Amino acid sequence: MATNRPEYRDPKTPRAVKVYTIAQESRYLVVENVPALGLVENLLKLCSSFGPVQSHRLLDDHTSATNYCDVVWIQFATTAAARIAKRTLDDKPFFSNLLRVSYAPEYETVDDLRSKLQERRYSVTQRVSHNRHKDRRQRQQKPSSFTEEKNQPSTMIGPMIPNKASTSTSTSTSTSTSTTTASTPKKRRRI
């Protein structure tokens, strides 16, 4: 946080941005600060709304486990479900306690890591190919719209200036006294 920030610019709650790489994200979550009132089933019901929960257990040997607060280890089916659950449940009240949710990549096996990287590679290639096709479609549509605009007469705004190319339209409408305006029609000039 900046120490020289004016008081009116200082936020009420300090915000820190943390970016997780694919190696730090995991389908395993550790949920701390759960009240020790037998609320694990309620927590699992809440977590299952983000994606299927494969397994769970209480971590009694965790450093933040006390007589009043439990620590729960949860395994989701996919990393995407765990990502949504962490983003949603972190610092949310759960039976009057604020939950602290963190990724637990230390519980991953080699197969979990391999499948996580393959899943990420697949999702990135899907996004890139979708964007590439979208750009192609936009490029194919632009030249046709440019040719249509060139064929349409442009709207002119501004005062009329003489045009030396076409004299037939102005000679029929002009009088014989003004020879300069009779020979050249007026053209609008763009501003």
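What to note about this one:
- Test: residue in segment 54-71 that is of a type in the set (A, V, I, L, M) and within 30 Å of S123 (Cα to Cα): no
- Test for A82: is it surrounded by 11 or more Cβ atoms within 10 Å (Cβ to Cβ) and more than 22 Å from L117 (Cβ to Cβ): no
- One residue stands out among those in segment 88-133 that are touching a residue at least 40 places away in the same chain (Cβ under 8 Å) and among the aromatic types (F, W, Y): the one that is farthest from R15 (Cα to Cα), which is Y107.
- Any hit, segment 80-95, residues being aromatic (F, W, Y) and under 21 Å from R120 (Cβ atoms): no
- Among the candidates R139, R114, R132, residue that is surrounded by fewer than 12 Cβ atoms within 10 Å (Cβ to Cβ), farther than 30 Å from Y68 by Cβ and at pLDDT 90 or above: R114
- Any hit, segment 110-119, residues being β-branched (V, I, T) and in a loop (DSSP other than H, G, I, E, B): no
- Criterion (under 27 Å from the mean Cα position of the chain (by Cα) and modelled with pLDDT of 90 or more) met by exactly one of R57, R27: R27
- The conditions of being surrounded by fewer than 15 Cβ atoms within 10 Å (Cβ to Cβ), modelled with pLDDT under 95 and more than 24 Å from the chain's Cα centre (by Cα) are met by T63.
The values are calculated or read from the model by the stated rules, or taken from the named source; none is laboratory data. In this text the structure is predicted, and so the values were computed from the model without any measurement. Heads up, the Cβs are rebuilt from the backbone with ideal geometry, glycines too, and the neighbour counts pull from every protein chain shown.
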